[in-house]
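The values are calculated or read from the model by the stated rules, or taken from the named source; none is laboratory data. Source: prediction; values computed, not measured. All Cβ positions, glycine included, derive from the backbone under ideal geometry; neighbour counts span all protein chains shown. Accessible surface is based on the protein model in full, side chains and every heavy atom, while ligands, DNA and RNA are left aside. Shrake-Rupley method; radii C 1.70, N 1.55, O 1.52, S 1.80 Å.
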Amino acid sequence: MKKGVGRARPLFYNHFSGGSTVRSSTYGFLLVVPTIILVFITLLYPLGYALNMSVRSMNLLRPQPERFVGLMNYVSIFKDNEFWRSLGRTVYFVGFTVPTEIFLGMFIALLLNKKFVGRAFVRGLVILPWALPTVVNGVMWKWIYNSNYGALNAFLTQIGIISDYKNWLGSPWSAMNSLIFADIWKETSFAIILILAALQSIPKELYEAAKIDGANTFTIFGKITFPLIRPTVLVLFVIKTIWAIREFDLVSVITRGGPANGTQTIAYYIYMKTFKFLQFGMGSAMAYVLMALTMLLALFYIKLMTSEREV
């Protein structure tokens with residue numbers, strides 16, 4: 001090989017190598033600059049702009065000039081009874097959907113972790129509800145709940161559970177429970193996928209040793225399976241709680257917050273306040289309050305996960 005002929009060096013090697021005047025830390029910073037700019041444009045700037053709106057009086061329905069009001073929007077939130085009612089409906093929605101989805105996801109994942117004929121096909125079917133867009137899921141369930149020709153009324157009538165067609169979306173209590181069922185049908189698939197992945201990472205030798213020691217199914221689950229999938233379950237609680245708190249699409253498509261605001265969750269109420277009543281200042285303040293509550297809940301879950309690891 002001729003002198004000076006060797007392996008090709010990357011472009012700008014001489015400029016950013018150790019012997020260059022530009023240090024490697026500067027080179028690393030230049031690499032992340034596009035990401036920093038992207039995060040600023042898509043995340044930090046909208047958050048800052050919303051924070052600025054939350055401390056101003058911005059109501060497009062009133063012919064008043066925009067003015068700085070400080071924390072008055074936040075004070076008004078705590079005097080808004082509908083805000084607290086919407087928050088209570090959200091707590092009800094989250095309290096039923098999240099535990100049910102995780103419990104069903106764990107149960108079905110345990111079944112799918114067993115060997116049986118057609119297991120791969122069944123696993124593929126499980127993904128379908130979660131793969132559906134939320135809007136498509138909402139439209140589908142709105143047709144299913146239809147009081148005149150819905151599939152739910154037809155099915156329950158044919159098997160003799162009800163004698164007359166019912167208006168499932170006609171009362172606040174029934175409509176909210178219908179939303180909960182539709183959300184459980186869709187979001188349980190996500191829990192199944194994550195828990196099933198966690199189950200498959202458990203070494204089979206642990207189960208074989210437990211069976212040799214005479215442990216039964218419940219003992220194996222309590223002493224081996226659940227402790228090893230507990231981190232995944234806690235992460236699921238965090239993700240699903242955040243998703244359930246900000247649930248909007250399902251409410252908007254199926255009930256639009258009705259009847260009589262009976263299914264108006266906090267996310268939908270913020271939307272109505274901002275884009276229907278055009279109170280951008282109040283809407284931004286409510287969004288920040290919701291974000292703060294969500295962050296506190298997430299920090300609680302993270303603290304719980306940290307304490308579990310220390311134990």
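Here are the numbers for the structure shown:
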| read-out | value |
| --- | --- |
| Euclidean distance between Cα centres, the range 173-210 to the range 23-90, Å | 35 Å |
| Net charge dipole size for the chain [Lys, Arg +1 and Asp, Glu -1 on Cβ; Debye, nearest 20] | 1020 debye |
| Rounded to the nearest 10 Å², the accessible area of Asp249 at probe 1.4 Å | 60 Å² |
| Lys, Arg +1 and Asp, Glu -1 on Cβ, resulting dipole of the range 189-296 about Cα centre, debye, nearest 20 | 300 debye |
| For the chain, average projected area of the Cα convex hull in nm² | 30.0 nm² |
| Hypothetical label at Leu60: residues of the range 255-298 whose amide nitrogen lies under 12 Å (7 Å Cα-Cβ projection) | 274-281 |
| The chain: calculated mean residue ellipticity at 222 nm from DSSP helix runs of at least 4, using -39500 (n - 2.57) | -21000 deg cm²/dmol |
| Surface accessible to a 1.4 Å probe, Lys211 within the full protein complex, Å² | 140 Å² |
| Orientation-averaged projected area, Cα convex hull of the range 32-162 (nm²) | 16.6 nm² |
| Gaussian network model of the chain, springs between alpha carbon atoms under 10 Å - residue of Ile229, Ile242, Ile161 with greatest fluctuation | Ile161 |
| Alpha-carbon centroid distance for the pair the range 249-303 / the range 112-136, whole angstrom | 31 Å |
| Whole-number percent relative contact order across the range 101-208, with pairs defined as alpha carbons under 8 Å at least 6 apart | 44 percent |
